[in-house]
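The structure under discussion appears below in the form of structure tokens.
The values are calculated or read from the model by the stated rules, or taken from the named source; none is laboratory data. If you're wondering where the values come from, they're calculated on a predicted model, not measured in any experiment. Neighbour counts are summed over all protein chains in view; Cβ atoms, including those assigned to glycine, are modelled from backbone coordinates with ideal geometry. SASA here: full protein model, heavy atoms, side chains in, ligands and nucleic acids out. Shrake-Rupley method; radii C 1.70, N 1.55, O 1.52, S 1.80 Å.
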Amino acid sequence: MVATLPKTDLRYTWKVTASSFLGNTLEYYDFLVYGTAAAVVFPKVFFPDASGFVATLSAFGTFAVGFLARPLGGLFFGSRGDRHGRKSTLMVTLVVMGVSTILIGLLPGYATIGIWAPVLLVALRLLQGFAVGGEWGGSMIIVLESAPPNRRGFFSAWPNTGGFSAQILITGVFAYVYTLSDEQLLSWGWRIPFLLSAVVLVVTFWMRRSLHETPVFTKAVADAPAAAEKAAPKHGPIRTIFVDDWRNLLLIIGLRFAESTPYFLLTVFALSYGTSTLGLEKGQLNNAILIAAVLSFVSHGVFAAISDRVGRRPIYFFGAVVVFVMAFPFFAMLHSGSMALIVLGYVLVLNLGHNAINAIQPAFFAELFPAERRYTGAAAGREIASIFAGGLTPFIATALAGSDGARWPLVAGYVMVGALITMFAVYKAPEPFRRDLNATGTTVR
């Protein structure tokens, strides 16, 4: 069924978009600031008794733990959002996510409370991941369902730049943190980025309070119970997505590899690999990430606008091809030590490859599911995929490269395999960009 074009309040659409952008910025800020700290500080603060290589693996292991909780959060909050509304669910995920990050910043180190330090770190990371699992899907869907049908790819792309706005914030904060002495950095300096998330939390909470439910969700509720009962007479959204939508869940897992793997490789693993193995300056890599982060706002807007005209699949496939082609050249540029080549590598992989995928991912994933289980399907699918294609990336890349980093071609091959998986998933995926978001009952195949 093709979407109709009702009159939309664009001012309110931009307001919803801004709110979701801030929420997603907080989500990625919380998750990425942990990754940066795991690469630079956590091995010494929470795993001081281990060797350098083992401590780094342990720190990246706690980074991956957060991703294990994300599917549970996606299922729990997705089901809640499909039953009780997008807005109220997003208020809960926002608070849990922000508070858990602040508590990490207040956590004593191993030298103070011993083994309880890494134990509590893992517990808070799990709580953080649980909340993040519900945040992304809800923040994207509330924009998608409030935007004009012919521009929903464009509007839903902006909240998904939250990872790059967060990276800009992290880069700025750590630019100051890196000026501290090692003693200051390990005692209190590393806590600053975590505690600053409170600012984004307060601003986003204030903005979300004034939002109302999406027209799509309101219509689904207004037509209930008859329509909802007809769409899912026996089972709730969680069971239904695994019974009726399992093909699209598998597709989402495949679709995430060419997006998530290079992103975490360049923003987390490369920081550790570049400084410890190649002897590059931390500031040098941070500047490359910063440049790519700024350019991402342009590339997201361009790719998303094109996808509203030609469809999601062509743009997504293009991004996966770029990631595949750039896997080995990126490492060559990184090994060159040249700032110009390093920046070029980051721009090509992130802005031309990753951004083509990331820009349209919210619309692509959400459009695969009917209204009454859209939140559950999009959130759960993305977060289940995050275990394989996101959280394990720094850990796997570090293990593949080895203690001396000599096996880096294996890491490049790992990226290429992920890109191939995504290309196959795009080939098998339906084209949903003209789907009516009010449709219920049947999935897109």
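With respect to (1) hydrophobic (A, V, I, L, M, F, W, C); (2) farther than 30 Å from Arg239 by Cβ; (3) in a helix (DSSP H, G or I); (4) open to solvent by 50 Å² or more (accessible area, probe 1.4 Å), the lone exception for Met423 is condition (4). Has the stretch 241-262 got at least one residue that is open to solvent by 30 Å² or more (accessible area, probe 1.4 Å) and farther than 29 Å from Phe155 by Cα? Yes; the residues of the stretch 241-262 include at least one that is open to solvent by 30 Å² or more (accessible area, probe 1.4 Å) and farther than 29 Å from Phe155 by Cα. Filtering the stretch 272-286 to residues that are surrounded by fewer than 17 Cβ atoms within 10 Å (Cβ to Cβ) and either among the small types (Gly, Ala, Ser) or modelled with pLDDT of 85 or more (or both) leaves Gly279, Gly283. Residue pairs whose Cβ atoms lie under 9 Å apart, separated by 6 or more positions or on different chains, with the first residue in the stretch 398-427 and over 20 Å from Arg382 (Cα atoms) and among the polar types (S, T, N, Q) and the second modelled with pLDDT under 95 and buried (at least 20 other Cβ atoms within 10 Å of the Cβ), are Thr398/Thr56; Thr398/Phe60; Thr398/Phe269; Thr398/Ser272; Thr398/Tyr273; Thr398/Val411. For the stretch 357-381, the set of residues classified as touching a Lys or Arg at 6+ places or on another chain (Cβ under 7 Å) and either assigned to a helix (DSSP H, G or I) or over 14 Å from Glu431 (Cα atoms) (or both) consists of Ile360, Ala363, Phe364, Phe365, Ala366, Tyr375, listed by residue number. Taking into account only those residues within the stretch 67-123 that are over 20 Å from the mean Cα position of the chain (by Cα) and under 26 Å from Pro370 (Cβ atoms), which is least open to solvent (accessible area, probe 1.4 Å)? Applying the filter and picking the extreme gives Gly85. For the stretch 1-41, filtered to residues that are of a type in the set (Gly, Ala, Ser) and at pLDDT below 80, the residue that is farthest from Phe395 (Cα to Cα) is Ala3. For the stretch 398-409, filtered to residues that are under 15 Å from His335 (Cβ atoms) and of a type in the set (A, V, I, L, M), the residue that is surrounded by the most Cβ atoms within 10 Å (Cβ to Cβ) is Ala401.
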